[in-house]
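Participant: Structure below; questions to follow.
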Amino acid sequence: MHDQMEFKVPKWPFFIGDLLLLALAGFFCLYSGVAVGVWQMSLASLCVAGAAVLGVAPFVLEYRAWLKLAEAGALSTVVAQIRDLEAIAGQIQGATSQWQTAQEQADKTAGAARQIAERMTAEVNGFAQFMEKISDREKAALRLEVEKFRRTESEWLQVLVRMLDHVYALHVGALRSSQPTLIEQVGSFQIACRDVARRIGLAPFTAAEAEPFDGQRHQLADEKTKAEPGATIAETIAAGYTFQGRLLRPALVTLRNGNGGTE
């Protein structure tokens, strides 16, 4: 394009023609005689005008050629830019197709992930239900075992309380027999039995003579009789029991001053 812009029209033929016309005009003026006629002046003027036209013509032609070359160069630049735009458009189209493919793959991946999440949720729910069923079964089994244990505990507590009641009755009988040896032997036996019972938390207790009546720890032998305020205990008929600090059975007693059937 730089070579085309430096193109120049040869000017020497025009300059030669220009000199010839000027020489011809001078000839008409110098060699036409003393008086210059109209036609000589006209021919000379035409020659000068022609010389002027020939002098300007190469520059005009060169300028027109330069304009055409510039237009051609601009057109070639525009064509190149259009080709670049077409290439860019192709790249954009390719990128768009790749983006669409990537979007489709992303949608497929998201769908697969959603399905996996749903399956995992279903499996977690199933596992939770399974564990809940197992927990319910274990709770039921433990509850049954606890009930069996409590039933067994209640049965052997009843047996142990009855045995201690019989031992207390023997001790009371020994006291009423007024035999020191028998009282000592039965008393030792009762102490040994009560020590064994205390190891498992069963503690028997009796009310001392003249002890104030306590409605929570004592019970009258005659259930129809009510203890008066300030009543005192005359005798313990049956021992009371506490199991692990909890009152199991109050002591069965009689009262003085006519309460409970004893004076």
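The values are calculated or read from the model by the stated rules, or taken from the named source; none is laboratory data. Since we're looking at a predicted model, the values are computed, not measured. Heads up, the Cβs are rebuilt from the backbone with ideal geometry, glycines too, and the neighbour counts pull from every protein chain shown. Please note that ligands, DNA and RNA were not included when accessible areas were found on the heavy atoms of the full protein model with its side chains. Shrake-Rupley method; radii C 1.70, N 1.55, O 1.52, S 1.80 Å.
Participant: Taking Cα pairs under 8 Å and at least six residues apart, what relative contact order does the chain come out at, in percent?
Facilitator: 11
Participant: Can I ask one more? At 7 Å along Cα-to-Cβ for each site, give me the label-to-label distance between residue 214 and residue 249 in nm.
Facilitator: For residue 214 paired with residue 249, the spin-label model returns 1.9 nm.
Participant: With only Lys, Arg, Asp and Glu charged, each at its Cβ (+1 for the first two, -1 for the last two), find how big the charge dipole of the chain is about the Cα centre; round to the nearest 20 debye.
Facilitator: The calculated dipole for the chain is roughly 300 debye.
Participant: Which order do you get for 186, 196 if you rank them by accessible area with a 1.4 Å probe, largest at the top?
Facilitator: Of 186, 196, the descending order of accessible area is 196, 186.
Participant: From largest accessible area down, sort 222, 107; use a 1.4 Å probe on the protein chains.
Facilitator: Ranked from most to least accessible, the order is 107, 222.
Participant: Oh, and also: With a 1.4 Å probe and all protein chains in place, put 121, 242 in order of accessible area, largest first.
Facilitator: If we order 121, 242 from most to least accessible, we get 121, 242.
Participant: Report the one residue of 175, 55, 70 whose Cα lies farthest in the direction of the positive end of the charge dipole of the chain (charges on C-beta: Lys and Arg +1, Asp and Glu -1; origin at the Cα centre).
Facilitator: The residue sitting farthest along the positive end of the dipole is 175.
Participant: Oh, and also: Give me the accessible area per residue for the chain, probe 1.4 Å, as a whole number in Å².
Facilitator: I get 73 Å² per residue for the chain.
Participant: In addition: Counting only protein heavy atoms and using a 1.4 Å probe, what share of the accessible area of segment 185-238 belongs to carbon plus sulfur, as a whole percent?
Facilitator: 51
Participant: Just grab the label-to-label distance for residue 46 and residue 67, each label 7 Å out from Cα along the Cβ direction, in nm (one decimal).
Facilitator: Using points 7 Å along Cα→Cβ, the separation is 3.0 nm.
Participant: Let me ask another. I need the shape label for segment 105-253. Rule: rounded when a/c is under 1.5, else prolate if a/b > b/c, else oblate, with a, b, c from the alpha carbon gyration tensor.
Facilitator: Note, shape of segment 105-253 comes out prolate.
Participant: Right, another one. What helices does the chain hold that run 30 Å or longer along their axis, going by alpha-carbon atoms, with a Kyte-Doolittle average of -1.0 or more, using DSSP H for the helix calls?
Facilitator: Span-like helices in the chain: 38-177.
Participant: Could you give the dipole magnitude of segment 197-253 about its Cα centre, charging the beta-carbon of Lys and Arg +1 and that of Asp and Glu -1, in debye to the nearest 20?
Facilitator: Using only the charged Cβ atoms, the result is roughly 440 debye.
Participant: Here are labelled values, (1) 19.1; (2) 32.8; (3) 18.5, and one is the computed Kirkwood radius over Cα pairs in Å for what I pasted. Which one?
Facilitator: Comparing each candidate, only (2) matches the computed number.
Participant: Hey, got the dipole for segment 63-195? About the Cα centre, +1 on K and R Cβ, -1 on D and E Cβ, debye to the nearest 20?
Facilitator: 120
Participant: For segment 184-263, which trypsin sites (Lys or Arg not before Pro) pass both filters: DSSP loop (anything but H, G, I, E, B) and at most 13 other C-beta atoms within 10 Å?
Facilitator: Here the sparse-neighbourhood loop sites are 224, 226.
Participant: Which whole-number percent is the relative contact order of segment 111-263 (Cα, under 8 Å, 6+ apart)?
Facilitator: Averaging sequence separation for qualifying contacts and normalising by length gives 17 percent for segment 111-263.
Participant: Springs between alpha-carbon atoms under 10 Å, Gaussian network over the chain: tell me which of 101, 77, 236 tops the mean-square fluctuations.
Facilitator: Answer for the Gaussian network model of the chain: 77.
Participant: Counting alpha carbon pairs within less than 8 Å and at least 6 residues apart, what relative contact order, in whole percent, applies to segment 140-216?
Facilitator: Relative CO of segment 140-216 lands at 23 percent.
Participant: Under 11 Å from a point placed 7 Å out from the Cα of residue 256 along the Cα-to-Cβ direction: which residues of segment 226-240 have their backbone N that close?
Facilitator: Under cut-off, by backbone N: 231-235.
Participant: Only residues of segment 129-156 count here: report those whose backbone N is under 19 Å from the spot 7 Å along Cα→Cβ of residue 200, or say none.
Facilitator: Under 19 Å, as judged by backbone N against the label point of residue 200, lie 145-156 of segment 129-156.
Participant: With the convex hull built on the Cα atoms of segment 168-263, state its orientation-averaged projected area in nm².
Facilitator: Convex hull of Cα atoms, orientation-averaged projection: 6.5 nm².
Participant: With each run of n ≥ 4 DSSP H residues scored as -39500 (n - 2.57), what mean residue ellipticity at 222 nm is computed for the chain after dividing by its residue count and rounding to the nearest 500 deg cm²/dmol?
Facilitator: The helix-only estimate for the chain comes to -26000 deg cm²/dmol at 222 nm.
Participant: Please name whichever of 135, 227, 95 sits farthest to the positive end of the charge dipole of the chain, dipole taken about the Cα centre and charges placed at Cβ: Lys and Arg +1, Asp and Glu -1.
Facilitator: After comparing all options, I get 227.
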